[in-house]
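These notes concern the structure reproduced below.
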Protein chains: 2
Amino acid sequence: MELKPARKKFIQTWGALGSQWGINKTMAQIHALLMVSHEPISMEDIMEELHISRGNASMNLRALMDWGIVYKEYKAGERREFFTAEKDLDELAVKISRERSRREIKPALKVLKEVSVVEGDSAEEKHFSEQTKKLYDFVLKADNVLDRITEYKDNWLTQLMIKFIK
Amino acid sequence: MELKPARKKFIQTWGALGSQWGINKTMAQIHALLMVSHEPISMEDIMEELHISRGNASMNLRALMDWGIVYKEYKAGERREFFTAEKDLDELAVKISRERSRREIKPALKVLKEVSVVEGDSAEEKHFSEQTKKLYDFVLKADNVLDRITEYKDNWLTQLMIKFIK
DNA sequence: ATTATCTTTCAATATTTTTTGAAAGTTTAA
DNA sequence: TTAAACTTTCAAAAAATATTGAAAGATAAT
């Protein structure tokens, strides 16, 4: 396969995957582009390759940097800023997990805890309280697991366990 | 806390969480409503509680059933259909993981495999091929881990390992 | 201090996604 | 077979989300 179409296809796919998981398409595409680039890229080049406006590029690069998965780089003697992506995938996964946990899971957990204190004797009230308590425990555990996904992934004992469970 | 506002708050939160993860708000809300209900609910009641149209309710219930996490129930002597949610959270997680894997991850893996065969001697081509190969391996492993999230979660050895890794 | 180069911001616009509601479809009962 | 009770479908409308582009904001060179 040729580089150009392969790159294009990869960027499209990564963008689509992103939007299915609540990350905007352009953000995921910029990230994809940077991940497969062997050297830092300027905003101008990102705009050109993805056919997007300056504003769009700027805003999404900012967002990616807020997630801690894209970095600014300065080249000596260059006025422009260049960008690179976190290329260590374990590091990438850890950062994404941490951020999603902080932004989305933790607040949801807080609410689950709040609402699960419903008291009362009716079947309705009992069931509500029980179910939300279970959800709290479950989400809490899942959150921990996600946070440690790479540690699991690469642990030999775990690998063994996977085979065992299978 | 009172049941009514607690239930409302839970449904709102679950809906918001859903949309942040690429599941539409109403779908997540219907699911939330059914999860905390101690008995099956009719479409009419769902429409009323969530203030949504008949069409919306019908389509999202269909989607939830396609995911395998909501079931139809028939009550003796009743013409209407009633709905319940999968309430076993482990089962819920397994089904969601399986579906997302099948619909989103597997197709992405296929593309990753396709594009990673790029050949050539330039640094650009080499880097592209290496990086997409790494991504393929990583996503494949992560997919397997997700698929087994509950097995991990409840395994005592793993629990011990979490503490150990910490 | 002025200009040139580059980045950010944000109101307006465009696009995508979701929702509505009425017509068509289905199933059961009379 | 007709009607009643309910569900599904889908084109149109609404809502939510993303994108643009030009003006304002930085920063460095002259």
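The values are calculated or read from the model by the stated rules, or taken from the named source; none is laboratory data. Predicted, not measured: the structure shown is a model, and the values here were computed from it. Positions of Cβ are generated from backbone atoms using ideal geometry, with glycine treated the same way; all protein chains shown enter the neighbour counts. Heads up: the accessible areas ignore ligands, DNA and RNA and are worked out on the full protein's heavy atoms, side chains in. Shrake-Rupley method; radii C 1.70, N 1.55, O 1.52, S 1.80 Å.
Okay, here's what the table says:
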quantity	calculated
Inverse of mean 1/r across different Cα pairs in the protein assembly as shown, Kirkwood, Å	22.1
Accessible area of residue A:43 in the full protein assembly, 1.4 Å probe (Å², nearest 10)	40
Set of aspartates and glutamates with alpha-carbon distance to residue A:110 below 19 Å, sequence-local pairs under 8 removed	A:99, A:119, A:130, A:137, A:143, A:147, B:2
Acute angle (nearest 10 degrees) that the helix A:25-35 long axis makes with the longest principal axis of chain A, alpha-carbon atoms	60
Distant-in-sequence amide H partners of residue A:42 (H built 1.01 Å from N, under 5 Å)	A:83
Within a Gaussian network of chain B (alpha carbon springs, distance under 10 Å), most fluctuating of B:96, B:23, B:46	B:23
Most mobile listed residue (A:61, A:33, A:109) in chain A, GNM with C-alpha springs under 10 Å	A:109
Accessible area in the full protein assembly, largest first, 1.4 Å probe, for B:103, A:62	A:62, B:103
Fluctuation leader among B:32, B:108, B:85 - chain B, Gaussian network, Cα springs under 10 angstrom	B:108
Nearest-ten-degree value, helix B:89-100 long axis tilted from longest Cα axis of chain B	50
Helix A:54-66 vs. chain A, principal-axis angle (Cα, 0 to 90°, nearest 10)	50
Given A:126/B:141; A:25/B:106; A:75/B:126; B:87/B:133; A:4/A:87, the pairs whose alpha carbons are separated by over 28 Å	A:126/B:141; B:87/B:133
Cut-off 20 Å, label 7 Å out along Cα→Cβ of residue B:19, residues of the range B:53-73 by amide N	B:53-64
Where rotation carries A onto B, the chain A residue whose Cβ is nearest that axis, in whole Å	A:22, 2
